[in-house]
Amino acid sequence: MIVPASPDSIRQAGDALRAGRLVAFPTETVYGLGADATSNSAVAAIFDAKRRPSFNPLIIHVTSIEAARELVAFDPLSDQLAARFWPGALTLVLPRRKDSPVSLLASAGLETIAIRVPAHETARAIIEAAGVPVAAPSANASGSVSPTRAEHVAQSLGDAVEIIVDAGPCPVGVESTVVSCKGATAIVLRPGGITVEELRTVAATVEVATGSTDAPASPGMLESHYAPAAALRLDAASMDAGEALLSFGDRSLPGGAEELNLSPRGDLREAAANLFAFLRELDSRHDRIAVVPIPPEGLGLAINDRLSRAAAPR
Ligand code: TXA
Ligand code: MG
């Protein structure tokens, strides 16, 4: 349902987010599909609604650099870029703090988190009302263009999102610039609202990565994959000696050194919510992990995509 931005709808949106539900809201760049970034299951609902066949890491939205410091560790250049361009259309990729409450699914299992402080007053009010960091990809179904009006969100996502807060067209209209810093170099992972020229006013060197993270030239381009140290064996029908098992529903196998079930009741959204946390747990205790077949439907497509990347030879 599209509701105009007002103190009432902003409070409702904040309540819905805190309760683990999805809210679409305007930012200065594009409309975002928001969820409580500290909740694996709320974040799983985003991937479900977007019908993404893979789990891309999402941008985490907070309202101040102080709030960002509670989630990620800043290097000197990132600090300067934030001071100059926040609030605004800049996303910084920074190391996750050990005590960061951000969902592992939101960062697709990575040790880094993409974070930004939006400038749009409605976005800021909703994040404040929620009282939690908000994970928000662009509010469109996978494969379609990013929405810059509330009606675009309704057309693309339909009933999958309960509340769409409308504050008119987005002023910037393209997504934020995603930047990762290495020493004195700012690396543009995705071009966007803040230009390379603008970045040059702060960073000594600016490089534009070949093959953006949104459309990598080949899957290998995207370095941002979580890969376990343990060897992963997919579609297991029986256990080899010494293997730990990642199971699903009633697809258990006897003889494993340890078993974690992604969703005993066979719910793919619950399985997505548990995926990275469970992989990490088994990875910390075992050298080899067997995984039962995961149904290739709904969120199962994204789960299988990540599992096959994690199992790929390196
Ligand atoms: O303007 C925007 O950035 C909008 C509004 C809603 O804020 N959000 C947006 O999110 O465009 P999304 O999920 O559609 O795009 C996120 C981008 C992708 O290119 C993703 O690969 C990159 O950020 N990204 C997220 N986390 C990352 C990480 N840890 N390392 C590298 N890239 C990351
Ligand atoms: Mg997008």
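The values are calculated or read from the model by the stated rules, or taken from the named source; none is laboratory data. Everything numeric here is computed off the predicted structure, so don't read it as measured data. FYI the Cβ positions are ideal-geometry reconstructions off the backbone, even for glycines, and counts take in every protein chain you see. Please note that ligands, DNA and RNA were not included when accessible areas were found on the heavy atoms of the full protein model with its side chains. Shrake-Rupley method; radii C 1.70, N 1.55, O 1.52, S 1.80 Å.
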Practice task
Only residues that are part of a loop (DSSP other than H, G, I, E, B) and either touching a Leu at 6+ places or on another chain (Cβ under 8 Å) or within 15 Å of ligand 2 (Cβ to nearest atom) (or both): list them for segment 56-71, please.
Solution key: Asn56, Pro57, Leu58, Val62
Exercise for the section: Could you check, for segment 73-88, whether at least one of its residues is outside any helix (DSSP H, G or I), near ligand 1 (Cβ under 8 Å from one of its atoms) and under 30 Å from Asn274 (Cβ atoms)? Expected result: no
Practice task
Name the single residue, out of those in segment 255-314 being hydroxyl-bearing (Ser, Thr, Tyr) and free of Cβ contacts under 8 Å to residues at least 60 places away in the same chain, that is surrounded by the most Cβ atoms within 10 Å (Cβ to Cβ).
Solution key: Ser263
Fill in the blank from the handout: Those residues of segment 91-109 which are within 16 Å of ligand 2 (Cβ to nearest atom) and either open to solvent by less than 10 Å² (accessible area, probe 1.4 Å) or of a type outside the set (Val, Ile, Thr) (or both) amount to Thr91, Ala106, Ser107, Ala108
Exercise for the section: Just give me the residues in segment 23-48 being within 14 Å of ligand 1 (Cβ to nearest atom), under 13 Å from the mean Cα position of the chain (by Cα) and either assigned to a loop (DSSP other than H, G, I, E, B) or among the aliphatic types (A, V, I, L, M) (or both), in sequence order. Expected result: Leu33, Ala35, Ala37, Val43, Ile46
Practice task
Scan segment 45-55 and give yes if some residue there is more than 16 Å from ligand 2 (Cβ to nearest atom) and either open to solvent by less than 30 Å² (accessible area, probe 1.4 Å) or of a type in the set (Gly, Ala, Ser) (or both), otherwise no.
Solution key: yes
Exercise for the section: Within segment 167-190, count every residue that is more than 18 Å from the chain's Cα centre (by Cα), surrounded by fewer than 21 Cβ atoms within 10 Å (Cβ to Cβ) and of a type outside the set (A, V, I, L, M). Expected result: 8
Exercise for the section: Kindly list, by first and then second residue, each pair from a residue in segment 21-36 that is within 14 Å of Val161 (Cβ to Cβ) and away from ligand 2 (no atom under 11 Å from the Cβ) to a residue that is aromatic (Phe, Trp, Tyr) and assigned to a strand (DSSP E or B), limited to pairs with Cβ atoms under 7 Å and residues at least 6 apart or on different chains. Expected result: Ala24/Tyr31; Phe25/Tyr31; Gly34/Phe25
Fill in the blank from the handout: Scanning segment 240-254 for residues that are surrounded by 17 or more Cβ atoms within 10 Å (Cβ to Cβ) and in a loop (DSSP other than H, G, I, E, B) gives Glu243, Phe248, Gly249, Arg251
Problem - Test: Arg69 is modelled with pLDDT of 95 or more and among the charged types (D, E, K, R) - result: yes
Problem - Ala135 vs. criteria open to solvent by 20 Å² or more (accessible area, probe 1.4 Å), of a type in the set (A, V, I, L, M, F, W, C), within 16 Å of ligand 2 (Cβ to nearest atom) and under 20 Å from Ala45 (Cβ atoms) - result: no
Practice task
Please state which one of Ala141, Ala154, Ala114, Ala119 is under 20 Å from Glu175 (Cα atoms), crowded, with 24+ Cβ neighbours inside 10 Å and of a type outside the set (Ser, Thr, Tyr).
Solution key: Ala114
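So which of Ala229, Ala203, Ala237, Ala217 ends up being out of contact with any strand residue (DSSP E or B) (no Cβ under 8 Å at 6 or more places or on another chain), part of a loop (DSSP other than H, G, I, E, B), at pLDDT 95 or above and more than 16 Å from ligand 2 (Cβ to nearest atom)? Can you show your working first?
On the way: Ala229 fails: at pLDDT 95 or above; Ala203 fails: out of contact with any strand residue (DSSP E or B) (no Cβ under 8 Å at 6 or more places or on another chain); Ala217 fails: at pLDDT 95 or above.
The conditions single out Ala237.
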Practice task
May I ask you to verify whether Ile2 is more than 16 Å from ligand 2 (Cβ to nearest atom), open to solvent by 60 Å² or more (accessible area, probe 1.4 Å) and in contact with a helix residue (DSSP H, G or I) (Cβ under 9 Å, 6 or more places away or on another chain)?
Solution key: yes
